[in-house]
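The values are calculated or read from the model by the stated rules, or taken from the named source; none is laboratory data. Keep in mind it's a predicted model, so treat the numbers as computed, not measured. As a convention, Cβ positions derive from the backbone with ideal geometry for all residues, glycine included, and neighbour counts pool all protein chains shown.
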C-alpha cells in the first residue's frame with residue numbers, strides 16, 4: 001500500500017519503513033519553536049528539571065511576536081525570560097524586536113523550516129509550514145519542553161483527507177477564500193485529528209503566499225496538519241532561503257485517504273466568515289449590509305507581501321472611510337522593507353491607515369487594535385471567536401486582504417469590485 | 001490517577017474554544033492562580049465565582065478548539081475542576097490536558113445524560129462515569145495504553161525525567 005506525503009515524512013522521522021493511521025509513534029523533530037506566550041511555561045519546566053543544556057541549540061526557535069514590542073510589564077517579563085533563556089542555553093534561533101516577525105511568516109522566509117521537515121510549535125498555526133511540503137503541527141508548552149530536552153515528540157499518525165481543487169479562480173479569489181470556503185463546508189471539527197492534503201491544478205496555480213494561508217488555517221477545521229506537495233514554485237521559494245538541506249516528498253498514487261473532496265474553485269466567490277466561528281462563511285455579496293468600525297490587514301494568515309500588494313492595489317488613491325480605522329501590519333521586517341521599496345506603505349499612509357511594526361497584536365486581542373463593546377471588525381486573521389479581538393460583545397468577520405481593504409474604504413463589508421470596478 | 005473524582009456538573013455547548021476558556025488578554029502571565037480567576041470567563045462570566053473544588057465541566061463536541069495555549073487546561077485545573085467530560089476534544093487541548101495531568105474523558109452518552117448541577121463521580125481507572133443525582137452510569141472511551149503510560153508517569157515532564165535520568 002502506498003503512503004501519503006505526510007505518512008512518508010512521519011515514517012522517515014520515526015525510523016520506520018511505513019506508518020499507518022492510528023499508530024502511536026515517537027518522531028524526531030527538526031525545528032521546535034515557541035513564542036512569548038507559550039515559551040515561558042516551557043522554559044520554567046526545563047529549568048525546574050535542572051537541565052543544563054538542550055537537545056540542540058540550533059534547532060530551537062524562540063520568536064517573541066504576540067505581545068511585542070512589550071505591551072505591558074507582564075508581557076515584558078515574558079520576553080525577558082526568553083531573552084535570558086536564549087543567552088544562557090546559547091539558543092541560536094532567537095530574534096529580538098527589530099529583527100523578529102510573526103513566527104509563521106518569519107521561519108519560512110528565513111529558510112529555518114524546509115521541505116521534508118517535522119516541525120512542532122507551541123502555537124496552533126504551526127501547521128502553516130505544510131505549504132513547503134513539511135509536516136508541521138501545533139503542540140503545547142509541555143510537549144515543547146519535552147522536545148527541547150529530547151528532540152522528540154509523540155504523535156498518533158493522523159487519518160488522511162485529500163482535497164482536490166480544479167477550475168479557474170474568479171477575480172479577487174485568493175487562498176484565504178478557498179480555505180474559508182472549505183472550513184465552511186466541513187466545519188470547525190471537520191478534519192479533527194486528521195491531515196488536510198491539498199492538491200490539484202488550482203493549487204499548483206496558487207502562489208506560495210496563498211498556499212501558506214491555506215495550510216495556516218488547517219487548525220480552524222481541527223486538523224493536525226495541512227500539506228501541499230512541493231513543486232517548482234516551492235523550489236523557487238526555498239532555493240534562495242534554505243539554511244539546511246531539504247527533501248521533497250510526494251504522495252503515492254495508491255495512498256489511502258479516509259475522505260476525498262473535489263472542489264471547483266471557479267464556483268467560489270470571495271468569502272466572509274461571520275462571528276463566532278471560522279466555519280460560519282457566506283459569499284461576500286451576502287454580507288454587504290454589515291457596517292464596521294475597524295479593519296486589520298496582517299497576521300500569520302495574511303500579512304505577507306502579496307497580501308499587502310492586493311490591499312494597496314485597492315486602497316491606492318482612496319481614503320479609509322471616516323468611521324473606520326484600518327490597521328496594516330506587515331508580518332516581518334523583510335516584508336515591511338519590501339513594502340516600503342514598492343511604495344505600498346506610502347499608499348497605506350496616503351489612505352490614512354495605521355501601519356504597525358510586525359506583531360500578532362490585535363489578532364488575538366493582545367494589543368494594537370482592540371475592539372470596544374459592540375464594535376465590529378473585518379480582519380484578514382484566522383479566528384472570530386467570542387472576544388477574540390477585544391470585548392466579548394465585539395465581532396470579527398474574517399476575509400481576504402482584498403475584501404478587508406475594500407471594506408475599509410466603504411465602511412461596511414464590501415466586494416473589491418465596488419471600490420476598483422470590475 | 002486512582003482516586004474517584006466527584007463534583008457538580010457545569011454544562012457547556014459545542015466548540016468551546018481556548019479564547020473562551022482563557023481569553024488572550026490574560027496571557028501576559030502563566031501563573032496558574034491568576035489564570036484560574038478568569039477561567040471560562042467569555043463562555044460564562046460567573047463561572048470563576050461559582051466553581052468549587054472537584055466540580056466537573058461537561059461539554060459538547062470539539063472542546064478546547066483554537067489556540068495551543070496550555071494556559072487553558074492549566075486554568076481549568078487550577079480552578080479546582082477535577083475533570084472535563086466532552087463529546088470530543090480538539091487535538092492540542094487533548095495533548096495538553098494529558099501532559100499536565102488534567103483528567104479528561106470522551107463520552108457523548110454522559111454528556112447527553114448529565115444536566116447542569118448533577119453530581120458526577122468518575123473512576124479514572126475504569127473510565128466509568130456515574131451520575132449520582134440521576135442514578136445512571138456511562139462509560140468513557142478508553143485512553144490508549146501508550147498515552148496512559150505518560151499519565152501514569154505523572155505527566156510528560158516526569159516521563160522526561162525518567163528518560164533523561166534527571167532524578
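A few comments on the model shown:
- Index of the failed condition, residue B:54 passing every other in (1) within 25 Å of residue A:126 (Cα to Cα); (2) more than 11 Å from chain A (Cβ to nearest Cβ): (1)
- Filtered residues of region B:116-145 (kept if within 14 Å of chain A (Cβ to nearest Cβ) and either touching a helix residue (DSSP H, G or I) at 6+ places or on another chain (Cβ under 8 Å) or surrounded by 13 or more Cβ atoms within 10 Å (Cβ to Cβ) (or both)): B:143
- Selected residue (criterion: farthest from the other protein chains (Cβ to nearest Cβ)) from residues of region A:94-114 that are outside any loop (DSSP other than H, G, I, E, B) and in contact (Cβ under 8 Å) with a residue 40 or more places away in the chain: A:109
- Checking region A:67-76 against the condition returns a match, with at least one residue being closer than 24 Å to residue A:243 by Cβ and either within 14 Å of chain B (Cβ to nearest Cβ) or at pLDDT 95 or above (or both).
- Qualifying residue in region A:148-162 (condition: within 20 Å of residue B:15 (Cβ to Cβ), more than 13 Å from chain B (Cβ to nearest Cβ) and in contact with a strand residue (DSSP E or B) (Cβ under 6 Å, 6 or more places away or on another chain)): yes
- The set of residues from region B:68-88 being closer than 17 Å to residue B:151 by Cα and either within 9 Å of chain A (Cβ to nearest Cβ) or assigned to a helix (DSSP H, G or I) (or both) comprises B:70, B:73, B:74, B:77.
- Residue in region A:205-217 that is over 22 Å from residue A:401 (Cα atoms), within 14 Å of another protein chain (Cβ to nearest Cβ) and not in a loop (DSSP other than H, G, I, E, B) present: no
- Residue among A:68, A:54 that is in a loop (DSSP other than H, G, I, E, B), under 23 Å from residue B:23 (Cα atoms) and touching a helix residue (DSSP H, G or I) at 6+ places or on another chain (Cβ under 9 Å): A:68
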